[in-house]
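A.B. asks: To start, I am sharing the structure in question, which I have written as structure tokens.
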Amino acid sequence: MTGKCAMSAAAIRELIPDVYVIPGGTNVGVIRVKDESGCALYLIDSGGSEKDAQKIEAILNAHFTDWQLRAVINTHSHADHSGGNAYFAEKTKCGIWMPYLEKGSVENTLLQPSIAWGGFPLPELRVPYYVPAHCEATRVIRAEECVELSDGKKIRFIALPGHYFEMLGVMCKTPDGKSAFFAGDAVFGRSVIAKFSIPFMIDIFSFSDTLEKLRSVRADRYVPSHGDAVTRIDETVEMNEIAVLQTISCIMKILKKKPHTAEELLTEVANANGISMKLAQYVLIGCTLRSFLTSLYEKGRITYEIADNKMLWKAR
């Protein structure tokens, strides 16, 4: 085996026949459909930038012969999942498949950092990490929609809300019944949870409901977008559930002592979790924390008051 082949073998892994993962900061799925002229490929997410897309392209060139990219299927619109869309769309003329409520973020790319910042974003937030290159969605995909490919594989989309507005998981099943499930950011791998104890969420209780839903999803391999592919999802789900519950417990413990502004609460929660925040953590954890406040408020566990021109949160 040549060095180039050895590199490509390490860079792409077969999960089930003709379904692969390219491991990385954001895992990218690959579905192959063989035909007489070579093979058609479908990507699940596209990396975080044009540079990522070029690396993915090089891996595909090393591993497949005469391939054509039919579509990039985005689980959701966050820049680390859709940053390579524009490159692939321009270079290969492939389709871009996207959930309806997610497509606006790749067509108006300032939406993502504006949501996280809560206003027009700082220049430091108007960078590829937060802002994907502009592209147009060519197909809206919807929960429970099923697409049958020419070789008999079936792709089914499963609603996984919570991390973002309308994230969809991608289930690929072969004609002989083997299946691989790409879970997007509905669940985070062990190493990710250990490193980032408060992962980003836009709707906390929807995220928790999605975690419970994942227990009933049956597949031979499960692929979180961040973390290793696994053969069982239950343990990973439980770790994510614990992370959510620990954050809720931390918030409630702080607010039971005295009322806090969201800013003060962010500092206390970060300190309690041993998190040393730079701008990225400050923005993403801050946004997530405000989502926790909304969810706990809707559940009647906390309330707020406006006093001395400050919004103070307190436990009921």
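The values are calculated or read from the model by the stated rules, or taken from the named source; none is laboratory data. From a predicted model like this one, the values you see are computed outputs, not experimental measurements. Glycine gets a Cβ as well: all are built from the backbone with ideal geometry, and neighbour counts include every protein chain shown. Side chains are part of the model used for accessible areas, which takes the heavy atoms of the whole protein and leaves out ligands, DNA and RNA. Shrake-Rupley method; radii C 1.70, N 1.55, O 1.52, S 1.80 Å.
A.B. asks: Of the residues in region 127-185, how many are at positive phi and of a type in the set (A, V, I, L, M)? It would help to see each step written out before you state the result.
C.D. replies: Step one: filter region 127-185 for residues at positive phi, giving 144, 152, 162, 177, 184.
Applying the additional criterion that residues be of a type in the set (A, V, I, L, M) yields none.
The qualifying residues number 0.
A.B. asks: Further question on the same structure: Out of the helices (runs of 4 or more DSSP H) lying entirely within region 46-144, which hold 1 or more residues that are open to solvent by less than 30 Å² (accessible area, probe 1.4 Å), touching a residue at least 40 places away in the same chain (Cβ under 8 Å) and of a type in the set (D, E, K, R)?
C.D. replies: In region 46-144, 100-107 are the helices (runs of 4 or more DSSP H) which contain 1 or more residues that are open to solvent by less than 30 Å² (accessible area, probe 1.4 Å), touching a residue at least 40 places away in the same chain (Cβ under 8 Å) and of a type in the set (D, E, K, R).
A.B. asks: OK, next. Quick one: which strands (runs of 3 or more DSSP E) lie wholly within region 198-316 and hold at least 3 residues that are surrounded by fewer than 14 Cβ atoms within 10 Å (Cβ to Cβ) and at negative phi? It would help to see each step written out before you state the result.
C.D. replies: Values: elements: 221-224, 302-307, 310-315.
Passing ranges, in order: 302-307.
A.B. asks: Let me ask something additional. Looking at region 71-102, which of its residues are under 12 Å from Y164 (Cβ atoms) and out of contact with any helix residue (DSSP H, G or I) (no Cβ under 9 Å at 6 or more places or on another chain)?
C.D. replies: H81, P99, L101
A.B. asks: Please go through (1) over 26 Å from P99 (Cβ atoms); (2) assigned to a strand (DSSP E or B) for L43 and return the number of the only condition it doesn't satisfy.
C.D. replies: (1)
A.B. asks: In addition: Among the residues of region 165-197, which ones are open to solvent by 20 Å² or more (accessible area, probe 1.4 Å), touching a Pro at 6+ places or on another chain (Cβ under 9 Å), more than 24 Å from Y297 (Cβ to Cβ) and assigned to a loop (DSSP other than H, G, I, E, B)?
C.D. replies: D176, K178
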